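The values are calculated or read from the model by the stated rules, or taken from the named source; none is laboratory data. Source: prediction; values computed, not measured. Cβ: placed from backbone, ideal geometry, glycine included. Neighbour counts: every protein chain shown. Each accessible area value is taken on the protein alone, full model and side chains, heavy atoms only, with ligands, DNA and RNA left out. Shrake-Rupley method; radii C 1.70, N 1.55, O 1.52, S 1.80 Å.
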Amino acid sequence: MADQKEPIIFLDDISVTFRTRTGSILHPNLVHAVQGVTIKLMPGETIGIVGESGCGKSTTANVMCGLQSPTSGHVYFQGTDVTKRTADLRKKIGRVVSVVFQDPATALNPRMVVRDQLQDPLLVHKVGASADQERRINELVELVGLPKSALRALPGQLSGGQRQRVAIARAMSLNPSAIIADEPTSALDVSVRAQILNLLTDLKSELGLSMIFISHDIQTVRYISDRIIVMNHGQIMEQGPAQQVFNDPQDEYTKTLLGAAPSLLHPKIGR
Ligand SMILES: Nc1ncnc2c1ncn2[C@@H]1O[C@H](COP(=O)(O)OP(=O)(O)OP(=O)(O)O)[C@@H](O)[C@H]1O
Ligand SMILES: [Mg+2]
């Protein structure tokens with residue numbers, strides 16, 4: 001089944017350089033956030049991207065979902081070059097790829113009840129008549145394991161885990177081919193992290209979704225990922241099947257990540 005398939009997202013030798021206002025002696029005005037990164041996300045595949053804070057994970061994710069233009073390199077969505085995006089292309093990308101952010105509070109409108117937040121993408125993309133939309137909204141709450149009563153709640157009335165479920169339901173509303181989840185569990189209480197991780201795992205296997213799962217913690221991506229990409233200083237240090245990267249890491253940096261995960265919590269130099 002997987003033969004001859006087009007990647008859903010193909011980053012071809014992407015670099016992103018930011019200009020900062022405040023230069024310092026060590027780091028002048030340019031930040032090379034991503035340098036020469038090539039990634040192909042195939043249908044149904046989950047790629048875990050790991051690395052320390054500041055290594056370029058979110059910037060890579062933003063290029064993947066069209067929020068950030070690359071400084072150099074090309075971006076393809078299902079074979080179409082979308083490096084230079086028009087409003088039309090951006091809308092198309094929005095239907096194919098959805099994003100789940102770290103903090104559900106920022107992804108949701110605090111003044112809108114859950115039902116309306118779930119309907120919003122359907123209205124924007126003019127999907128179905130209102131009865132179809134109603135049906136889809138009900139499907140979505142069920143899909144992410146929320147009670148129907150949550151539909152009438154404001155985000156602030158829900159728990160952090162429930163809010164992330166709403167954000168995931170919203171991300172799923174247009175039936176995307178891929179989801180990009182940037183640290184989707186790290187802002188959550190430890191007790192609900194596993195539930196959200198399980199929900200994403202279920203969605204990917206039930207719906208055949210592709211997924212980019214980003215975390216600074218290599219253990220978090222271990223079980224959900226088919227393939228793992230290790231990043232450091234904007235570059236890919238190592239990539240391979242999850243098993244292989246875990247059991248037989250080739251790169252020194254990967255070995256450090258695996259061997260000394262807790263040390264990431266105490267970086268030697270704040271950056
Ligand atoms: N808009 C921006 N302007 C300037 N510099 C930026 C911008 N966005 C990111 N950077 C810099 O680019 C580098 C990569 O940042 P990025 O957010 O991609 O890292 P990350 O791996 O997601 O980190 P974290 O784990 O902390 O989320 C960092 O040095 C960051 O300070
Ligand atoms: Mg980030």
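General observations
- Cα shape, the range 154-217, gyration tensor, a/c 1.5 rule: oblate
- Residue-averaged [θ]222 nm for the chain, counting only DSSP H segments that reach four residues, each worth -39500 (n - 2.57): -10500 deg cm²/dmol
- For the range 114-250, with all protein chains in place and a probe radius of 1.4 Å, 47% of the accessible heavy-atom surface sits on carbon or sulfur.
- In terms of overall dimensions, the chain has a Cα radius of gyration and Dmax of 18.9, 60 angstrom.
- Kirkwood Rh (inverse of mean 1/r, distinct Cα pairs), the range 22-180, angstrom: 17.6
- Between residue 22 and residue 90, full extension at 0.36 nm per residue minus the direct alpha carbon distance yields a gain of 21.4 nm.
- For residue 238, residues with placed amide H under 5 Å, excluding near neighbours: 230
- Whole-number accessible area per residue in Å² for the chain, which is evaluated in the context of all protein chains at 1.4 Å: 52
- Most tightly packed first, judged by the mean number of other beta-carbon atoms within 10 Å of their residues, the peptides 101-110, 169-178, 120-129 read 169-178, 101-110, 120-129.
- Each of the peptides 87-93, 63-69, 29-35 was scored by the mean count of other Cβ atoms within 10 Å over its residues; in descending order, highest first, they stand as 63-69, 29-35, 87-93.
- Normalised per residue, the volume of the convex hull around the Cα set of the range 39-133 (Å³): 146
- Dipole magnitude (debye, nearest 20) for the chain, charges at Cβ of Lys, Arg, Asp, Glu: 900
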